[in-house]
Protein chains: 2
Amino acid sequence: MTTTDHANALTAGALFQRLRDGVARTRGDLVADTGLGRAAVAARVDALLAAGLLVPAGAASSTGGRPPQVVRFDAHAGATLALDFGARHATIGLADLSGEPIATVSRELDIAEGPETCLRLALDQARELLRDSRAELFGVGVGVPGPVEHSTGRPVNPPIMPGWDGFDIPGAVREELDGEVQVDNDVNILAIGEHALRGGAVDDLVYVKVATGIGAGIISGGLLQRGALGSAGDLGHIHVRLPESPLVAPGDERDLEAVASGTAVAAALRERGTPAHSNADVVRLIQAGDADAITLTREAGRVLGEALAIVVNLMNPSMIVIGGSLGRVADHLIAGAREVVYRRSIPLATQHLRIEPSRGGVTAGVRGAATMALQAALSPAAVDRRLAAQG
Amino acid sequence: MTTTDHANALTAGALFQRLRDGVARTRGDLVADTGLGRAAVAARVDALLAAGLLVPAGAASSTGGRPPQVVRFDAHAGATLALDFGARHATIGLADLSGEPIATVSRELDIAEGPETCLRLALDQARELLRDSRAELFGVGVGVPGPVEHSTGRPVNPPIMPGWDGFDIPGAVREELDGEVQVDNDVNILAIGEHALRGGAVDDLVYVKVATGIGAGIISGGLLQRGALGSAGDLGHIHVRLPESPLVAPGDERDLEAVASGTAVAAALRERGTPAHSNADVVRLIQAGDADAITLTREAGRVLGEALAIVVNLMNPSMIVIGGSLGRVADHLIAGAREVVYRRSIPLATQHLRIEPSRGGVTAGVRGAATMALQAALSPAAVDRRLAAQG
């Protein structure tokens, strides 16, 4: 083995990962950045240019002589498709190869109508988006509102998805579309989307969705943690020490989401004579300044804080993001949660901890599903396979 | 880019990872296993043979013609050093390149005497072990009984290690020995050791140390999870819903380790008039069949179970391992813990969950520290650098 062989260590697919941030670089930058030889960098850049994954991006400034040419990742060299299913609607989106949503369409549907009906509707919509864009499809990301075995893409006993248990979602999608298919639950996808949106600056991030239920997506060391069977992040069913609160009866034995979800806040409001039947009602009341709604949501935040303090001690994230339909009034949840987290967790774990509302907005699910698809479709191995096939 | 270039995708260092299991393989096996070309496999195997990392291991059986030669990883091509510090003793061990302990020596010391004194003692012992073995030192792994910033190897506000806060352990070790130095807290190292001992068959494993305190090392997807600042796994300071129990006063607000540790069980025994002043006393009483000690340890297991149910819902491990000085009577802890975990956690998360005593034994810390050192010293990049340096 010679040093030349060592210089070949980084494949084109691996080199390409350095360019996915979209920053334009000279070949010299890449030599300095990777330790690869000039000839090896040149061969890899040429192959990536030929495949359309990189494009020339003009000349760098020079201190004399012919200015060096720069290249950058062409995020428009292809497209990714996102199918983001909720209980009552689906958002179908097309994203570029950086995961940035280009076009999204929302359709009402009932997830309980089963996989064939729901997927047909979503795929019809997807084909329209693809026809308009004419971009090559690199991958498909699918999010569903229930537990999924990520390795096979099949839902596992999903409580609100009758007919979907064990259904081969990737197989059904591949019958209609080219490209690899990745499937996960909605909260994991929101976590991936939030991580991507923050530019990878926060590698230990816990995304908490507070809506009808409560769930979490855990990103640790930049990677989503799915656990042995894919059920990691089930924050809603943990039992925490319940503080005294209007949401909690003495001796209460319920799990977190029975006490701190939007559903729980709405029920407590109804007990006080305020008509609140949905998360949207709770959000509207808070936005209108209803004192009970604000107080109860802050109480829900305190109970949530008991759970988050445990997450902080176990996982040591640097950021907790609050999203979901109650994420729109996250400030009240966060105020309650902060009180408890900073009291309960050890100082080393809370020293640099931030608790913030989600920044994902309405395209969060599309961005997350597209990013998940790209993690597979633009991996070093996948890019190397693509280049080899073009050979 | 051509298919030839693609075939060069896997470096010698990466190919070497496939052989670290110690199984003997032919070059043809490696071609089939990796997709590399015959010539590329041959060049890489030659380089690894020349470096002594692989050795010829005879001939495979053949269906005719000259039988193909097999090669295997030579775990005796070098050594790893482990310095495993506890509060009152240190175990210094030499391991082979598979992390298997070859020689270990335990010495009494007081960690509170500070880093210079403790490291001098350990390093003197280490040099003796190295002199006897005459093997090349590949790396050093250090475990300490307190929080560590893994990236720098410096302890961070360690409660029982006066003088060690911020001390540059890797720098001090490198003044005396060659090789890269990795440092982590004792529980993370026990988790790494347990994972290695089980041959990597269990990639989502939580190691729980129950002794004077309670801590956990979390392995997820085969990787130790350290979190943003290295404080992940702090199970002992979480607040759980405390069940009614002889260990818990009504309205009790203490954290897990104040209620379920060896210290807590010993204190409850003293309240009942049984002289128990240490974890060792508790273990002795249980082994002698003391009914109170058994009942209280099982109660501690139930409280621990409340915390483990949360770990299971959040992380979805496939195995929880109970170690530490109370791990020697783990059956009683586990019996209590199981009752609660299987009741509290969702079925998908407990379906294939095993809760078992640690198999690590007295060399667990040495195996873990050596394995941690080897994760760095035999990484693909480190092996490629080693081969390049040999030219």
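FYI, it's all coordinate maths here, none of it is from the lab. Note that the structure is a prediction, hence the values are computed from the model and not measured. Ideal geometry is used to build each Cβ from the backbone, glycine not excepted, and the neighbour counts take in all protein chains shown.
Considering only C-alpha atoms, what is the centroid distance from the range A:288-320 to the range B:312-372, in Å?
First find each Cα centre; the distance between them is then 29 Å.
Evaluate peptide B:235-242: per residue, the Cβ atoms of other protein chains within 10 Å of its Cβ; return the mean as an integer. Each step should come with its number before you reach the end.
Values: counts 3, 2, 7, 12, 10, 6, 8, 1.
Mean partner shielding for this stretch: 6.
Percent of Cα-Cα pairs per 10 Å bin, from 0 to the last occupied bin, for the range B:3-73, please list those.
21, 56, 22, 2
Report the extension gain between B:Ala381 and B:Ile160 in nm, rounded to one decimal, defined as 0.36 nm multiplied by the number of residues separating them, less their alpha carbon distance.
Roughly 75.9 nm would be gained on extension.
Describe numerically, in nm with one decimal, the distance between label points set 7 Å from Cα along Cα→Cβ at B:Thr63 and at B:Ala288.
Going from the B:Thr63 label point to the B:Ala288 one covers 6.8 nm.
How charged is the neighbourhood of A:Pro145? Take every other residue with its Cβ under 13 Å from the Cβ of A:Pro145, and add Lys/Arg as +1 and Asp/Glu as -1. All intermediate terms of the calculation are to be shown ahead of the outcome.
Numbers: positive: A:Arg88, A:Lys209; negative: A:Asp84, A:Asp110, A:Asp184, A:Asp186.
Surrounding charge for A:Pro145 is -2.
Based on alpha-carbon centroids, what's the gap between the range B:11-41 and the range B:225-279 in Å, whole number please?
Using only Cα atoms to place each centre, the spacing works out to 49 Å.
Just to confirm the number: angle between the C-alpha axis of helix A:186-197 and the first principal axis of chain A, 0 to 90 degrees, nearest 10?
Value to nearest ten degrees: 50.
Name the residue, out of B:Ile294, B:Ile334, B:Ile214, whose mean-square fluctuation peaks in a Gaussian network model built on chain B with Cα pairs under 10 Å.
Ranking B:Ile294, B:Ile334, B:Ile214 by mean-square fluctuation puts B:Ile294 first.
Quick one: go through the range A:366-391 and flag any residue whose amide nitrogen is under 13 Å from the point 7 Å out along the Cα-to-Cβ line of B:Gln17.
A:380-381
Per the Kirkwood formula on distinct C-alpha pairs, the Rh of the range B:226-306 is how many angstrom?
On the way: mean 1/r = 0.0752 Å⁻¹.
For the range B:226-306, inverting the mean 1/r across all distinct Cα pairs yields 13.3 Å.
Restricting things to Cα coordinates, could you compute the convex hull volume per residue of the range A:90-151 in Å³?
Values: hull volume 6.5 nm³, N = 62.
Taking only Cα atoms, the range A:90-151 has a hull volume of 105 Å³ per residue.
Determine the shielding of peptide A:311-323 by partner chains: average, over its residues, the number of Cβ atoms on other chains within 10 angstrom of each Cβ.
Shielding by partners across A:311-323 averages 5.
Roughly speaking, what is the stretch gain from A:Arg38 to A:Thr152, that is 0.36 nm per residue apart minus the C-alpha to C-alpha distance, in nm to one decimal?
Details: separation 114, 0.36 × 114 = 41.04 nm, distance 4.14 nm.
Roughly 36.9 nm would be gained on extension.
Considering the options A:Gln69, B:Leu109, A:Leu54, tell which one lies farthest towards the positive end of the dipole of the protein assembly as shown, charges being +1 on Lys and Arg and -1 on Asp and Glu at the Cβ, about the Cα centre.
The residue sitting most towards the positive pole is A:Gln69.
What does the range A:72-118 give for Rg and for Dmax, in Å, if only its C-alpha atoms count?
13.3, 45
Tell me, what are the semi-axes, in whole angstrom and largest first, of the equivalent ellipsoid of chain A as set by the roots of 5 times the Cα gyration tensor eigenvalues? Present the calculation step by step, with values, prior to reporting the outcome.
Values: eigenvalues 359, 127, 65 Å².
For chain A, the ellipsoid semi-axes come out as 42, 25, 18 Å.
Taking Cα atoms of the protein assembly as shown, Rg/Rh with Kirkwood Rh, to two decimals?
Details: Rg = 28.1 Å, Rh = 28.5 Å.
Rounded to two decimals, Rg over Rh is 0.99.
Could you work out, for the range B:79-186, what percent of all Cα-Cα pairs fall into each 10 Å distance bin, beginning at 0 Å and stopping at the bin that holds the largest distance?
16, 53, 28, 3
What does the extension gain come out to for B:Asp178 and B:His352, with contour length at 0.36 nm per residue minus their alpha carbon separation? Please report the intermediate quantities before stating the final value.
Working: separation 174, 0.36 × 174 = 62.64 nm, distance 4.37 nm.
Full-extension gain reported as 58.3 nm.
Which order do the peptides A:19-26, A:383-390, B:306-313, A:318-325 come out in when sorted by mean C-beta neighbours inside 10 angstrom, highest first? All intermediate terms of the calculation are to be shown ahead of the outcome.
Values: A:19-26: 16.5, A:383-390: 18.8, B:306-313: 27.0, A:318-325: 22.9.
Packing proxy ranking, top to bottom: B:306-313, A:318-325, A:383-390, A:19-26.
For a distance above 19 Å, tell me the whole-number percent of Cα pairs in the range A:199-358 that qualify.
Working: 6410 of 12720 pairs.
Result: 50 percent of Cα pairs exceed 19 Å.
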